[in-house]
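Nothing in this text is a laboratory measurement; each read-out follows from the coordinates by a stated rule. This is a predicted model, so every value here is computed, not measured. Neighbour counts run over all protein chains shown; Cβ positions are idealised from the backbone, glycine included.
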Ligand SMILES: Cc1cc2nc3c(=O)[nH]c(=O)nc-3n(C[C@H](O)[C@H](O)[C@H](O)COP(=O)(O)OP(=O)(O)OC[C@H]3O[C@@H](n4cnc5c(N)ncnc54)[C@H](O)[C@@H]3O)c2cc1C
């Protein structure tokens, strides 16, 4: 899979701070200089602010303002004042994820919007069913062990060596994919509409998606989908999303990644 950022709110952390200051300010945030709005916020120690925040800062804010932003942003997250994080948005383009992943991520309804590549207007007649091409490669084709919590060997496979297991899995997986794609092509040739012929394509068929979400939703989805019990592919996507998010909102996601990730879902318990 590949993940790219199409677009994102500019100055997202200033946006969060301004929204939060609005709640406790007599002054109108629209008429008050940002530095002045941050006057009353405590100044964090220089070394409380993570290294990568200092490395990535672009000189827009004075050191003291960065330290105040750190105080405010981490305070908001720690105290569950998540509303201000709903203002900044980011749009991702995901290439080559499975339709299984798509079914999981599109269960999220709040603060996220999707566009999904069509199987009606995009034909798969030339698609190559080799794992890693038109269908995703699953980890069990490379790793003879069990991936995730739910795998189990039957008696027939329990005592087999790694090469035997890998070979057997690859043969089974590849044969199933080839059969499906061949039937799909045959059905098209028999005059079946693509939106109906697609019924025989596997859930592992790759799809491209564009999705836009706000920073609060991003943290909520990461709470659920970066967790150890989430499926490997959606976990992989979530890790990539979090990496990009840390480049976009460095203070917020440096804090999230260090202090909140892999803990119990806190954003929408
Ligand atoms: C490991 C794992 C396994 C899963 N297995 C299954 C499964 O087997 N079958 C299955 O169907 N689903 C499964 N899911 C999906 C899960 O049940 C949720 O539907 C999905 O993760 C969307 O999350 P969300 O409810 O937080 O929705 P979001 O759309 O992300 O909503 C965010 C938050 O808004 C609030 N909210 C949104 N809509 C409502 C509403 N209508 N009423 C009240 N509050 C609302 C909730 O607090 C919610 O957490 C699984 C998820 C995970 C992470």
How far is helix 215-225 tilted, in degrees, relative to the longest principal axis of the Cα atoms in the chain, given as a value from 0 to 90 rounded to the nearest 10? 40 degrees
Determine the distance separating the Cα centre of segment 1-31 from the Cα centre of segment 87-146; give it in Å without decimals. 30 Å
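List the relative contact order of segment 63-214 as a percent without decimals, with contacts defined as Cα pairs under 8 Å and 6+ residues apart.
On the way: 142 pairs, mean separation 71.1, N = 152.
Value for segment 63-214: 47 percent.
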If you line up the long axis of helix 12-23 against the longest principal axis of the chain, both from Cα atoms, how many degrees apart are they, to the nearest 10? 50 degrees
To the nearest 10 degrees, how steep is helix 232-248 against the longest Cα principal axis of the chain, on a 0 to 90 scale? 30 degrees
Based on the mean of other Cβ atoms within 10 Å per residue, sort peptides 64-70, 53-59 so the most packed one is first. 64-70, 53-59
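Grab the Cα-Cα distance for residue 58 and residue 186, subtract it from 0.36 nm times how many residues apart they are, and report the gain in nm with one decimal. List each step's numbers first, then the result.
Numbers: separation 128, 0.36 × 128 = 46.08 nm, distance 5.65 nm.
Difference between extended and current length: 40.4 nm.
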Mean separation of Cα contacts under 8 Å, 6 or more apart, over the residue count of segment 37-103: relative contact order %: 37 percent
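Using square roots of five times the C-alpha gyration tensor eigenvalues, list the equivalent-ellipsoid semi-axes of segment 207-269 in whole Å, biggest first.
Values: eigenvalues 55, 46, 24 Å².
Its equivalent ellipsoid spans semi-axes of 17, 15, 11 Å.
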With only alpha-carbon pairs counted, each pair once and no self-pairs, how large is the Kirkwood hydrodynamic radius of segment 86-179 in angstroms? 16.5 Å
Relative contact order of the chain: what whole-number percent is it, with Cα pairs under 8 angstrom and at least 6 residues apart? 29 percent
Using the per-residue mean of other Cβ atoms lying within 10 Å as a proxy for protection, in what order, highest first, do the peptides 82-90, 217-225, 39-47, 16-24 fall? 217-225, 82-90, 16-24, 39-47
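With the Cα gyration tensor of the chain in hand, convert its eigenvalues to equivalent ellipsoid semi-axes via √(5λ) and list them largest first in whole Å. Could you put the intermediate results ahead of the total?
Values: eigenvalues 407, 99, 40 Å².
Each semi-axis is √(5λ); the values are 45, 22, 14 Å.
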So what does log10 I(q)/I(0) come out to for segment 124-200 at q = 0.17, 0.21, 0.25 Å⁻¹, using the Debye formula with one equal point on every Cα and no solvent? -0.73, -0.91, -1.11
Have a look at 104, 137, 160 and tell me which one the Gaussian network model of the chain (Cα, springs below 10 Å) gives the largest fluctuation. 160
Taking N as the number of residues in segment 22-156, what is its Cα Rg relative to 2.2 N^0.38 Å? 1.68
